[in-house]
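K.L.:
Structure incoming, see below.
The values are calculated or read from the model by the stated rules, or taken from the named source; none is laboratory data. Every value quoted in this text rests on a predicted model; they were computed, and no experiment measured them. Neighbour counts run over all protein chains shown; Cβ positions are idealised from the backbone, glycine included. The area values use the complete protein model at the heavy-atom level, side chains included, leaving out ligands, DNA and RNA. Shrake-Rupley method; radii C 1.70, N 1.55, O 1.52, S 1.80 Å.
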Amino acid sequence: QVQLVESGGGWVQAGESLKLSCAASGIIFSRYTIGWYRQAPGKQREYVAAITSGTGTNYADSVKGRFTISRDNAKNTVYLQMNSLKPEDTAVYYCNGPLGYYRGSYTSGNYWGQGTQVTVSS
């Protein structure tokens with residue numbers, strides 16, 4: 001049984017930082033591209049960032065320069081360091097995998113975490 005469990009969300013003020021974690025079980029994390037998605041109130045779920053098995057990274061334009069995705073394969077864990085948070089970053093953040101890649105964009109995989117809430121107040 002594959003499970004992804006996110007943690008690290010919280011309530012912060014604009015300009016502050018949070019670090020999210022996604023711990024996986026039932027899969028060999030190192031073999032797959034893993035990503036983060038988010039869903040804000042009243043909006044569709046959107047892609048945030050991805051990291052490949054070779055530690056290549058990709059970011060949505062809205063977070064590029066502020067967020068950093070990383071992974072620790074020995075711990076079967078991926079991270080999302082979020083700096084300079086803005087109110088528009090408020091959303092439920094989901095870990096997902098394995099991601100696919102086609103013509104310059106990523107597609108989500110079959111496994112999702114339960115989500116972790118990030119709320120940024122102004």
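K.L.:
Residues 5, 63, 78, 48: which one is open to solvent by 50 Å² or more (accessible area, probe 1.4 Å) and among the β-branched types (Val, Ile, Thr)?
P.N.:
5
K.L.:
Is there any pair with a first residue in the range 33-48 that is in contact (Cβ under 8 Å) with a residue 60 or more places away in the chain and a second that is buried (at least 20 other Cβ atoms within 10 Å of the Cβ) and of a type in the set (Asp, Glu) whose Cβ atoms are under 9 Å apart and which are 6 or more apart or on different chains, and what are they?
P.N.:
Here the result reads 36/6; 38/89, each pair linking the range 33-48 to a residue that is buried (at least 20 other Cβ atoms within 10 Å of the Cβ) and of a type in the set (Asp, Glu).
K.L.:
Specify the residue that is farthest from residue 70 (Cα to Cα); the eligible residues are those in the range 27-45 that are open to solvent by less than 60 Å² (accessible area, probe 1.4 Å) and in a loop (DSSP other than H, G, I, E, B). It would help to see each step written out before you state the result.
P.N.:
Within the range 27-45, the first condition is being open to solvent by less than 60 Å² (accessible area, probe 1.4 Å), and the residues that meet it are 27, 29-30, 33-38, 40.
Next, from what is left, pick out any that are in a loop (DSSP other than H, G, I, E, B): 27, 33, 40.
Working: 27: 18, 33: 11, 40: 23 Å.
Residue satisfying both the conditions and the ranking: 40.
K.L.:
Now for a different question. Among the residues of the range 32-46, which ones are within 15 Å of residue 116 (Cα to Cα) and among the aromatic types (Phe, Trp, Tyr)?
P.N.:
36, 37
K.L.:
So, one more: Looking only at the range 82-113, which residues are surrounded by 12 or more Cβ atoms within 10 Å (Cβ to Cβ), part of a loop (DSSP other than H, G, I, E, B) and at negative phi?
P.N.:
Those that are surrounded by 12 or more Cβ atoms within 10 Å (Cβ to Cβ), part of a loop (DSSP other than H, G, I, E, B) and at negative phi: 83, 85, 86, 90, 98, 99, 108, 109, 113.
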